[in-house]
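Okay, so here's the structure we're looking at.
The values are calculated or read from the model by the stated rules, or taken from the named source; none is laboratory data. Remember, it's a predicted structure, so these values are computed and weren't measured experimentally. Cβ sites come from the backbone with ideal geometry, for glycine too, and all protein chains shown count toward neighbours. Calculation scope for accessible area: heavy atoms of the full protein, side chains included, ligands and nucleic acids excluded. Shrake-Rupley method; radii C 1.70, N 1.55, O 1.52, S 1.80 Å.
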Protein chains: 2
Amino acid sequence: MFATETEFIRWLQRQAPGRAPGLRLGIGDDAALVEIRRGYELILTTDLSIEGVHFLRHLHPPRAVGHRALARSLSDVAAMGGTPRYALISLAISARTSRAWLQEFYAGVFALAQRFAVTVVGGDTAVVPGSMLIDVTVAGEVERGKAIRRSGARPGDQIFVSGRLGLSALGLRWIQTKASAARRGKGALGPAPARGKMRDPVRVHFYPEPRCALGRFLCEKNLASSLIDLSDGLSTDLTRLCEASNVGARIWAERIPVPDIPAGSKPGSLRAMDLALNGGEDYELLFSVPSRKAPQIAGKFNDVPLHCIGEICRSKEILLVLTNGKQAPLSPAGYDHFAKVSSTSRGQRAKSR
Amino acid sequence: MFATETEFIRWLQRQAPGRAPGLRLGIGDDAALVEIRRGYELILTTDLSIEGVHFLRHLHPPRAVGHRALARSLSDVAAMGGTPRYALISLAISARTSRAWLQEFYAGVFALAQRFAVTVVGGDTAVVPGSMLIDVTVAGEVERGKAIRRSGARPGDQIFVSGRLGLSALGLRWIQTKASAARRGKGALGPAPARGKMRDPVRVHFYPEPRCALGRFLCEKNLASSLIDLSDGLSTDLTRLCEASNVGARIWAERIPVPDIPAGSKPGSLRAMDLALNGGEDYELLFSVPSRKAPQIAGKFNDVPLHCIGEICRSKEILLVLTNGKQAPLSPAGYDHFAKVSSTSRGQRAKSR
């Protein structure tokens, strides 16, 4: 731990990368000063990451905690079609937190920030009696009037998702299975493997990749009528998009990019479709595209697959078309911080969300 | 409590005042969209308010918790000479938190926001197992290149403070004394009195007034060479200002506006000077003014007294000139979140900071 707040802030100033174009004053004064380019609107978003809710101290390496905390907010900027520029990190840590933990946490934050050309310009830090909490605010930019909102979906629009859904939830279950086996003496949990050596779902869970480039592409080419990021699960976030747009949707089960679960793998009882629909923390993008523009959406953007999974409907229902052709209503069953009634799968998820 | 996150967000949208000039998109999408005026820089600041550290559930009315959480960030914008414009409220609440508590909390936030023409544009909310935590981010504006930093103080500059120092700490002690008497059966704590009927220090503690108008005045008239707000106590914040400016200071004890402590009052053992130097949470402004401009600082700004308490020196020492003419080094003894060695008075303060 650091002896004083001043020592901590000086250390942080040394870690923060150098000057960015619009940065006027970074960490260390009463507030940060930055400049927003002429003709641009400012995007503001903030996201909490809480020990025991969004991460577990014994399961999530501090580098991953830092990465994930920032990724949540970068993903929100991606979901507006904007470019993230500046971040503020508020950190409530327990007095037991080691200096090594803090260093790794900030290494995770700064590595991701640097890759997205985001400058950490400030924050606040306090020592708390209870669990740790991180709140990340990101300020971004988007050309005036060009941000893509949740509310623009129109009947007939095609619905797309990026990437493969449910991987993060699957990765979490693998980690939890391994940890409980280790507790029962059936294997060592050991330190987290290096990022390159992780199994795909574990890497996606620890180090989700915000889809900022895709969001910018959709914005610049004026392709999407609405856009949201998948933070709480497809079933929940599609419902939010439809409610904001005052429309419904029809989704084809067979088109949803569900995760591969190797037969006989430990969390074998998991249903791939449940993970894809309700798993959450995918940070992929969900967007609607007017049907005349849909041919402009290729099967991939950079290396990220794009899947057309359904269409927007006038009727307010959200329906899942099953492989046998039958339709079932799709209810929001992703994570809800206020919901008290929890299904078994939500109970599990709540352990790390 | 609210049944779902969606219900809570809808309620919040109804509470938030209508449209502000630069607001493009408020609560409810992935992020907020606002516009910053041409020729202005963006000020970004964020401040944590934590149950058990910055407030106590049984002592602080929820309306005061909301007011204080926002006031901390508004004060930071005041300390840059800027105008606060937008706020994001991140709130980690326990499942036991009542709807009435939340309503009163937001009433405190919105009442202060409205008085300062600040629009609440977003935030995040989560239910946590441990203590409550609030993180408020404020975005403000200041004319390009005109923000007043901590680092501009020069030898010979006069040092000013606004208001009366130590009132908030005194108010806290009165509340604590009353609460512990109530616990011992020597009186009822009862509900907090209406704002107008509170004793002055209690009102200042519950409802501190950010000095935004004074900050703007100093900025517009180009009077202050450096500026900081007094959040952690004069001794600590003056040290920060001097370190940032690479200077020292000499302060006259007799010029420091200490609080009035009526003889025989309960916390009678308190030393007024200790409260003024180290009490913290005053949210008054501390600023340096080049001596040729000092005559332009009147004894009052609006209704707020301004006191010249000392001068900036070339030597790096910070000295307190006592009433007997002797000098004593002034060490930072205000609140430090990382400091482990705590004096008795810091131990007391830590209970509510």
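One table, with the values for the structure above:
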| item | result |
| --- | --- |
| Qualifying residue in the stretch A:60-77 (condition: farther than 30 Å from residue A:223 by Cα and part of a loop (DSSP other than H, G, I, E, B)) | yes |
| Selection from the stretch B:161-175 of residues that are of a type outside the set (D, E, K, R) and in contact (Cβ under 8 Å) with a residue 40 or more places away in the chain | B:161, B:162, B:163, B:165, B:166, B:167, B:168, B:169, B:170, B:172, B:174, B:175 |
| Filtered residue count, the stretch A:27-59, keeping only those that are within 12 Å of another protein chain (Cβ to nearest Cβ), part of a loop (DSSP other than H, G, I, E, B) and open to solvent by less than 20 Å² (accessible area, probe 1.4 Å) | 4 |
| Selected residue (only one of A:319, A:285 is of a type outside the set (Asp, Glu) and touching a helix residue (DSSP H, G or I) at 6+ places or on another chain (Cβ under 7 Å)) | A:285 |
| Residues satisfying the stated conditions in the stretch B:116-147, i.e. touching a residue at least 60 places away in the same chain (Cβ under 8 Å) and not in a strand (DSSP E or B) | B:116, B:117, B:131, B:132, B:144, B:145, B:146, B:147 |
| Residue check for residue A:103: of a type in the set (S, T, N, Q) and farther than 30 Å from residue B:53 by Cβ | no |
| Residue ranges of strands (runs of 3 or more DSSP E) in the stretch A:281-338 with at least 1 members open to solvent by 40 Å² or more (accessible area, probe 1.4 Å) | A:304-313, A:327-329 |
| Any pair with Cβ under 6 angstrom, 6 or more apart, that starts in the stretch A:58-71 at a residue that is at pLDDT below 95 and ends at one that is not acidic (Asp, Glu) | A:59/A:175; A:59/A:179 |
| Positions within the stretch B:103-142 being open to solvent by 10 Å² or more (accessible area, probe 1.4 Å), hydroxyl-bearing (Ser, Thr, Tyr) and farther than 17 Å from residue B:7 by Cβ, in sequence order | B:119, B:131 |
| Which numbered condition residue B:125 fails, given (1) more than 8 Å from every other protein chain (Cβ to nearest Cβ); (2) in contact with a Phe, Trp or Tyr (Cβ under 7 Å, 6 or more places away or on another chain); (3) not aliphatic (A, V, I, L, M) | (1) |
| Residues that are in contact (Cβ under 8 Å) with a residue 40 or more places away in the chain and in a loop (DSSP other than H, G, I, E, B), drawn from the stretch A:1-15 | A:1, A:2 |
| Pair list, Cβ < 7 Å and 6+ apart or interchain, from the stretch A:148-160 residues that are more than 14 Å from chain B (Cβ to nearest Cβ) to residues that are of a type in the set (Ser, Thr, Tyr) | A:154/A:225; A:156/A:291; A:157/A:225; A:157/A:288; A:157/A:291; A:158/A:288; A:158/A:291; A:159/A:288 |
| Filter result (of a type in the set (D, E, K, R) and surrounded by fewer than 24 Cβ atoms within 10 Å (Cβ to Cβ)) within the stretch A:151-172 | A:154, A:164 |
| Flag if residue B:115 is of a type in the set (D, E, K, R) and at the interface with chain A (Cβ under 8 Å from one of its Cβ atoms) | no |
| Total residues in the stretch B:220-235, condition open to solvent by 10 Å² or more (accessible area, probe 1.4 Å) and either outside any helix (DSSP H, G or I) or within 13 Å of another protein chain (Cβ to nearest Cβ) (or both) | 6 |
| Residue tally, condition free of Cβ contacts under 8 Å to residues at least 40 places away in the same chain and either more than 11 Å from chain B (Cβ to nearest Cβ) or open to solvent by 10 Å² or more (accessible area, probe 1.4 Å) (or both), over the stretch A:72-102 | 3 |
| Criterion (within 14 Å of chain A (Cβ to nearest Cβ) and either touching a Pro at 6+ places or on another chain (Cβ under 8 Å) or free of Cβ contacts under 8 Å to residues at least 24 places away in the same chain (or both)) met by exactly one of B:317, B:281 | B:281 |
| Residue ID - surrounded by the fewest Cβ atoms within 10 Å (Cβ to Cβ), chosen from residues in the stretch B:16-26 that are part of a loop (DSSP other than H, G, I, E, B) and within 11 Å of chain A (Cβ to nearest Cβ) | B:22 |
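Residues checked against (1) of a type in the set (Gly, Ala, Ser); (2) out of contact with any Ser or Thr (no Cβ under 9 Å at 6 or more places or on another chain); (3) modelled with pLDDT of 85 or more:
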| residue | (1), (2), (3) |
| --- | --- |
| A:145 | yes, yes, yes |
| A:149 | no, no, yes |
| A:154 | no, no, yes |
| A:163 | yes, yes, yes |
| A:168 | yes, yes, yes |
| A:190 | yes, yes, no |
| A:196 | yes, yes, no |
| A:205 | no, no, yes |
| A:211 | no, no, yes |
